[in-house]
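The values are calculated or read from the model by the stated rules, or taken from the named source; none is laboratory data. None of the values given here were measured: they were computed from a predicted structure. Backbone-built Cβ (ideal geometry, glycine too); neighbour counts: all protein chains shown.
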């Protein structure tokens, strides 16, 4: 009898271990269903098999798919709250494999591509709201490889860029809105290599240069749209070094000088469009240095003086167009300071004014016709004075 009872209990134990397929439902705290799926339930585990449904808290279907051996298999759908499909994917043994599509809430395609064992492979396209392609990419083993082509809203190519393992590597092209080429060169990452051409919307060349290891090397030329030279510069290891020339649209030189390690150095000259000299002077590490002379287009000197460390210092002289002296005085740290004398176009003495920190201040004398007017300047206003002692002080 005891033996029979033992065998009966043992048989019940084995029966409890026999797998049984069932429908499993899981609920939100509010009582709405959250998940529903078919599964094989044992005493030790629950293995999903068959249909799978996932719902949002409001009870609307959010995900739908199928499991085999506890892994997603076949088509898998993700839905918007309005019931339209948001994404359609395909799974093989739990990994995304096959076509992939993504839609907006109106049912319009946003992007599509292809997965191979959970990583993107081949062509991947994103779309504009108009339905036209926005970008076409190419993937290999989940990384961008090959050309990535972007499009404008009108459907024209906006850029064409070559990639290798998710990094720009090779041809680099950008285009204007009308489809004409803007940039054409080669890049590795953010660095240009080899020749770079930049174009105007008309298609004419704007700039031409060469890169070596991501740095400008050799001659860089820029052009006006009429294809006359706009500037020529020389680069060494990415830095301006050597002669630099800017040109007017008619081809005449606008300015010229030397660069050393990206800094203006030595004598620089600038010119009027007529070709006449406008200015000449020296640079030291891109700061004005030493004597500078500015000319009228006639060739007469307009002004001349000294710079130290980029600031006007010491005596400066300014001239009328006919060559006669107009004014002369001293600068301290780029501001007028002390006594300044002024002359009319005939070269006759006109006035003497005292400056303090660039502002007229103190005792001054002005000529009005044949009369001399003596004044005291305060805050830029002239107060006439008649004190003879003060007059003598000014005349001294």
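Okay, here's what the table says:
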quantity	calculated
In region 254-291, residue surrounded by the most Cβ atoms within 10 Å (Cβ to Cβ) [restricted to those that are over 37 Å from the mean Cα position of the chain (by Cα) and part of a strand (DSSP E or B)]	277
Region 185-216, residues that are crowded, with 16+ Cβ neighbours inside 10 Å and part of a loop (DSSP other than H, G, I, E, B)	200
The lone exception for residue 122 - which of (1) within 30 Å of residue 81 (Cβ to Cβ); (2) loosely packed, with under 15 Cβ neighbours inside 10 Å it fails	(1)
Flag if residue 107 is touching a strand residue (DSSP E or B) at 6+ places or on another chain (Cβ under 9 Å), surrounded by fewer than 12 Cβ atoms within 10 Å (Cβ to Cβ) and either in contact (Cβ under 8 Å) with a residue 40 or more places away in the chain or in a loop (DSSP other than H, G, I, E, B) (or both)	yes
Test for residue 67: is it at pLDDT 95 or above, farther than 30 Å from residue 160 by Cβ and part of a strand (DSSP E or B)	yes
Selection count, region 30-48, where residues are more than 53 Å from the chain's Cα centre (by Cα) and outside any loop (DSSP other than H, G, I, E, B)	6
Residue match in region 349-360 (condition: surrounded by 14 or more Cβ atoms within 10 Å (Cβ to Cβ) and within 22 Å of residue 286 (Cα to Cα))	no
Tally, over region 72-104, of residues that are crowded, with 16+ Cβ neighbours inside 10 Å and not in a strand (DSSP E or B)	3
Filter result for the condition that a residue is at pLDDT 95 or above, under 30 Å from residue 266 (Cβ atoms) and outside any strand (DSSP E or B), over 298, 317	298
Candidates 100, 127 - the one that is under 27 Å from residue 53 (Cβ atoms) and touching a strand residue (DSSP E or B) at 6+ places or on another chain (Cβ under 7 Å)	100
Only one of 179, 170 that is assigned to a loop (DSSP other than H, G, I, E, B) and more than 30 Å from residue 253 (Cα to Cα)	179
Meets criteria (closer than 28 Å to residue 283 by Cα, modelled with pLDDT of 95 or more and out of contact with any helix residue (DSSP H, G or I) (no Cβ under 6 Å at 6 or more places or on another chain)) for residue 196	no
